[in-house]
Amino acid sequence: MVGLSLGEKQFIHGGIAQDLRTDGRKRLHYRPISIETGVIPQANGSARVRLGATDVIVSIKAELGKPSSLQPDKGKVAIFVDCSSTAAPMFELSGKWKMVLGRGGEELSSELSVALQRCLLGGKSGAGAGIDPSSLVIVEGKLCWDLYIDGLVVSSDGNLLDALGAAIKVALSNTGIPKVTVILGPSPNDQPDVDLSDEEFLQFDTTGVPVIVTLTKVGRHYIADATLEEESQMSSAMSVSLNRHGHICGLTKRGGAGLDPSVVLDMISVAQHVGEQLMSMLDSEIAAAEAAAVQEQ
Amino acid sequence: MEYVDSLTGFRLDGRRPNDMRQIRGEIGVVAKADGSALFEMGNTKVIAAVYGPREVQNKGQQINNQALVRCEYSMANFSTGDRTRRPKGDRRSTEISLVIRQTMEACILVHLMPRSQIDIFVQVLQADGGTRSACINAATLALADAGIPMRDLVTSCSAGYLSSTPLLDLNYVEDSAGGPDVTVGILAKTDKVTLLQMDSKLPIDIFENVMQLAIEGCKAIAQYIREVLLENTKLLESRKGL
């Protein structure tokens, strides 16, 4: 995206004020979302989500590890996001983003990683997480699964956080973790022997995984699923992660401008409504992708 | 370890010595790029995106009588078998970036676009041997998709020599066996070699055979790439309503 002219800026602002955006959507409408599962066969689970011209890939790898001594009954989950150089020119150009992002989109990568961790993994203790870390333990204090969630931004056209959140949800529903048979040694201090099954896989319960809805404030109104052009005009943005019951799992506010507390509450209640629609849209897409995968076999 | 079964003559993954893995190319996978392509060789999967020709960003690099070609190669964290977090621009990726840049620069008609810049970004999604070749093939498709004037299509393929047999298109297991690995890039129509790399050592008469095998592979890929481009053009034509 090259810098916008004054006329273009006014066109975006005017359109949002009249509830008709430049691509014909209303303020709270999402772009068409397309989902592909199993794009990385080497990983335990993977998904590619396209939201308009935004394109992200998420891969999930499970590795055997040792639980930390502080939390012997919990596995570890880590989220990393990488902004691919295929999307890099987008990060290089616009002046405002350049200051925010630094070189090669590294700062954006870490900002997205932290926001996703906050929205999906719950507190430090792991309580209230979308992915239950205690389900990853195999032998308490000795053996657990470490779940590595890697996101890759292939193409960027705004609203990366929502796209990544959706991709993680889809990838988790597609993840199979090998069943483990543990043979404990005679002494309790021995590292247990493990036998990984090639045929039996455990599926995750993804009903508790939240979706992320970002509302971007442009002028006096806020919009859902902003494009890169619209994002360049934002004063602030609020990302709310919501689970199936409409409960808030995490909140992030970005952008410098201050918000009135009443507006914040208003945005949250709107996000709840949008989140429900997004959740049902994702559910039907996941079901369709699974049906397609079964048919292929 | 035996890489070619002495009885049946099949390789570890069930191919014959001069079989290539299944290849697949797709155009237009990165919506925001001027040209983009996905290229798969078996389990190796790469995406290439091309931006340009456009204004040179760093004026110091501008060349007055030809276009500046830049290339960046990167591997996704999840691309290899063991998950690794490698920093951008390690030695291996710098070297591959350079190889891809030089190979593509040789076929782009750079003199037609003075004082401009063309960026080629390749991203490895899955690495299973032959990433170098897959990247060059993806870059060719992406450059063609971007409509950048080229002399010819560059295609690349590798070949090796294990268990006294020349093998076409090595996968990761065969690649890490430590035998010779010859990567060749050719200009398909003019039949000229633009890229030639080999690890390890090989008697010169065997090298000739192995290189010939790799060239045959390149030609087969060139044929496929031409089909993909033709199909894409037909699609564009029908969309235009011609």
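The values are calculated or read from the model by the stated rules, or taken from the named source; none is laboratory data. These figures come from a predicted structure and were not determined experimentally. Cβ: placed from backbone, ideal geometry, glycine included. Neighbour counts: every protein chain shown. Just so you know, the surface numbers come from the protein's heavy atoms only, side chains and all, with ligands and any DNA or RNA stripped out. Shrake-Rupley method; radii C 1.70, N 1.55, O 1.52, S 1.80 Å.
Do the sum for chain A: with -39,500 (n - 2.57) for every DSSP H run of n ≥ 4, divided by all residues, what is the mean residue ellipticity at 222 nm, to the nearest 500 deg cm²/dmol?
-10000 deg cm²/dmol
Taking just the C-alpha trace of chain B, give me its Rg and Dmax in Å.
18.3, 62
Where does helix A:106-120 land angle-wise versus the long Cα axis of chain A, in degrees 0 to 90, nearest 10?
70 degrees
List the residues whose amide H sits under 5 Å from the amide H of B:LEU162, counting only those 5 or more places along or on another chain, with H placed 1.01 Å from N in the peptide plane.
B:LEU167
Between A:LEU202 and B:ILE63, what is the FRET efficiency for a Förster distance of 56 Å, r being their Cβ-Cβ separation, to the nearest 0.05? Please list the in-between numbers first.
Working: r = 57 Å, r/R0 = 1.02.
Step by step, r from the Cβ atoms, then E = 0.45.
I'd like the FRET efficiency for B:GLU237 and A:LEU70, computed as 1/(1 + (r/R0)^6) with the beta carbon distance as r and R0 of 45 Å, rounded to 0.05. Display every interim value, and only then the final one.
Working: r = 63 Å, r/R0 = 1.41.
Step by step, r from the Cβ atoms, then E = 0.10.
Kindly express, to the nearest 10 degrees and within the range 0 to 90, the angle between helix A:6-17's C-alpha long axis and the longest C-alpha principal axis of chain A.
Taking the Cα atoms of chain A, the angle to A:6-17 is about 70 degrees.
Eigenvalues of the Cα gyration tensor times 5, then square-rooted: what semi-axes does that give for chain A, in whole angstrom, largest first?
Over the Cα atoms of chain A, the semi-axes work out to 38, 19, 18 Å.
Residue by residue through region A:51-68, what is 3J(HN,Hα) from phi via Karplus (6.51 cos²θ - 1.76 cosθ + 1.60, θ = phi - 60°)? Round to whole Hz and write x for glycine and proline.
For region A:51-68, the Karplus-derived couplings read 10, x, 8, 7, 9, 10, 10, 10, 10, 10, 10, 10, 10, 6, x, 10, x, 5 Hz, x marking Gly and Pro.
Give me the one-decimal nm value for the distance between modelled label points at A:ALA288 and B:LEU12, 7 Å along each residue's Cα-to-Cβ direction.
My value for the distance between the label points is 4.0 nm.
How many Å² of accessible surface get buried when A and B come together, counting both sides, probe radius 1.4 Å, rounded to the nearest 100?
2600 Å²
Could you work out the mean count of beta carbons from other protein chains within 10 Å of each residue's beta carbon in B:45-51? Before the final figure, lay out the partial values.
Working: counts 4, 0, 7, 1, 8, 1, 5.
Partner-chain Cβ atoms within 10 Å, mean over residues of B:45-51: 4.
Can you pull the one-decimal nm distance between simple spin-label points at A:GLN295 and A:GLU107, each 7 Å off the Cα toward Cβ?
Once both label points are built, they end up 4.7 nm from each other.
Highest GNM mean-square fluctuation, chain A, Cα pairs closer than 10 Å: which of A:GLY65, A:GLY158, A:GLY130?
Highest fluctuation among the options: A:GLY65.
Please find, in a Gaussian network model of chain B (springs between Cα atoms separated by less than 10 Å), the residue of B:LEU162, B:LEU141, B:LEU112 whose mean-square fluctuation is greatest.
Most flexible of the set in this elastic network: B:LEU112.
Looking only at other chains, what is the average number of their beta-carbon atoms within 10 angstrom of each beta-carbon in A:29-40? List each step's numbers first, then the result.
Values: counts 0, 0, 0, 0, 0, 0, 0, 0, 0, 0, 3, 7.
Mean shielding count: 1.
Please list, by residue number, every one of the trypsin sites (Lys or Arg not before Pro) in region A:216-297 that is coil in DSSP and has at most 13 other beta-carbon atoms within 10 Å. Present the calculation step by step, with values, prior to reporting the outcome.
On the way: sites: A:LYS217, A:ARG220, A:ARG244, A:LYS253, A:ARG254; in loops: A:ARG220, A:ARG244.
Loop-located and lightly packed - A:ARG220.
Taking all protein chains as present, what is the carbon and sulfur share of the accessible area of the protein assembly as shown, in % to the nearest whole number, probe 1.4 Å?
Solvent-exposed carbon and sulfur of the protein assembly as shown make up 52 percent of the total.
In terms of modelled amide H atoms, which long-range or inter-chain residues lie less than 5 Å from the amide H of B:THR44?
B:ASP128
For region B:137-147, what does the Karplus curve 6.51 cos²θ - 1.76 cosθ + 1.60, with θ = phi - 60°, yield as ³J(HN,Hα) per residue in whole Hz, taken in order and with x for Gly and Pro?
5, 5, 5, 4, 4, 5, 5, 5, 5, 6, x
Distance check, please: which entries in A:LYS74/A:LYS217; B:LYS192/B:LYS240; A:LYS66/B:LYS45; A:LYS61/A:LYS217; A:LYS9/A:LYS253; A:LYS26/A:LYS76 exceed 30 angstrom between their Cα atoms?
Too far apart for the 30 Å limit: A:LYS74/A:LYS217; B:LYS192/B:LYS240; A:LYS66/B:LYS45; A:LYS61/A:LYS217; A:LYS26/A:LYS76.
Please work out, to two decimal places, the log10 of the ratio I(q)/I(0) at q = 0.12, 0.19 Å⁻¹ from a Debye calculation in which every Cα of region B:76-213 carries one identical scatterer.
-0.53, -1.17
With the other protein chains left in place, how much accessible area per residue, in square angstrom, belongs to region A:113-180 at a 1.4 angstrom probe?
Per-residue accessible area for region A:113-180 comes out at 27 Å².
Roughly how crowded by other chains is peptide B:119-130, in terms of the mean Cβ count from those chains within 10 Å of each of its Cβ atoms?
Average per residue, whole number: 4.
For the protein assembly as shown, take N as its residue count and report Rg(C-alpha) divided by 2.2 N^0.38 Å.
Taking N as the residue count of the protein assembly as shown, the ratio is 1.05.
Around A:ILE138, which amide H atoms from residues at least 5 apart in sequence, or from another chain, sit under 5 Å from its own amide H, with H modelled in the peptide plane?
A:LEU143, A:CYS144, A:TRP145
How big is the antiparallel share of DSSP beta bridges in region B:15-159, given as a percent to the nearest 5?
Here the antiparallel bridges make up roughly 75 percent for region B:15-159.
With a 1.4 Å probe and every protein chain left in place, work out the accessible area per residue of region B:1-155 in Å², rounded to a whole number.
Heavy-atom SASA per residue in region B:1-155 reads 41 Å².
Pop out the ³J(HN,Hα) list for region B:5-21 in order, Karplus 6.51 cos²θ - 1.76 cosθ + 1.60 with θ = phi - 60°, rounded to Hz; leave Gly and Pro as x.
Going residue by residue, I get 5, 5, 7, 8, x, 8, 8, 4, 9, x, 8, 7, x, 9, 8, 9, 6 Hz, with x marking Gly and Pro.
Between A:ASP132 and B:GLU208, what is the spin-label point distance in nm, taking each point 7 Å from the Cα along the Cα→C-beta axis?
Between A:ASP132 and B:GLU208, the simple spin-label model gives 6.9 nm.
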